[in-house]
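**Student:** What follows is a single structure, and I will ask about it in a moment.
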């Protein structure tokens, strides 16, 4: 349940749901190299999404983005959300890192989902700039979101959370593989 993120001891909350978009729509968005990055006012959310994603074929994507943005704004009591929708052919953030924000919602509509480490398996020094991360974490210790799942990851600026944000990264992609990623920041 996503509202569990409000508990101090919860760093990751996941809503397990099937992918709401058809593979054809995901492929079309990826082929069109969709790239949106914008702060959206919740009061004007529907119109803002229509401007960002025009066309009837994007209606299912707009509907789901509206749902996710509205849920995020309601849960956290904010008046705007930072939306990013990216068609990717390579990892956007291949290194483990922590976001310097309060919380980020992530959902992968097509392709492999984001990867993260439970706090108790993060090796010391993993996040040191310039440090080689290869082989520092066993594959079975890495958790991964499934396509369509929605997750909230706490960042380092969440209240009373400095130094405890979720350590995560973008998944590797095989040659020719595409990924449609959505993030919402507060």
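Read-outs throughout are calculated quantities, based only on the coordinates presented, and are distinct from any laboratory measurement. Quick caveat: nothing in here was measured; it's all calculated off a predicted structure. Glycine also receives a Cβ, built like all others from the backbone with ideal geometry; neighbour counts cover every protein chain displayed.
**Student:** Just subtract the alpha-carbon distance of residue 131 and residue 160 from 0.36 nm times their residue separation and send over the number in nm, one decimal.
**Tutor:** 7.7 nm
**Student:** Quick check on packing: order 117-123, 23-29 by the mean number of other C-beta atoms within 10 Å, highest mean leading.
**Tutor:** 23-29, 117-123
**Student:** Based on other C-beta atoms within 10 Å, arrange 5, 36 from fewest to most.
**Tutor:** Starting with the residue having the fewest Cβ neighbours, the order is 36, 5.
**Student:** Find the centroid of the Cα atoms in the range 124-186 and in the range 27-46, then give the distance between the two in whole Å.
**Tutor:** If you average the Cα positions of each part, the centres end up 22 Å apart.
**Student:** Any number yet on Rg/Rh for the chain, C-alpha, Kirkwood?
**Tutor:** Looking at the chain, the ratio lands at 0.96.
**Student:** Turning to a different aspect of this structure: Determine the calculated [θ] at 222 nm for the chain from helices alone, applying -39500 (n - 2.57) to every DSSP H run no shorter than 4 residues and normalising by the residue count; nearest 500 deg cm²/dmol.
**Tutor:** -6000 deg cm²/dmol
**Student:** Taking the number of other C-beta atoms within 10 Å as the exposure measure, put 9, 79 in order starting with the fewest.
**Tutor:** So the residues, fewest neighbours to most, are 9, 79.
**Student:** So for 136, 100, fewest C-beta neighbours within 10 Å to most, what's the order?
**Tutor:** Ranked by crowding around the Cβ, least crowded first: 100, 136.
**Student:** Binning every alpha carbon pair distance of the range 3-100 at 10 Å from zero, what are the percents per bin?
**Tutor:** Going from the shortest bin to the longest, the percentages are 12, 39, 38, 10, 0.
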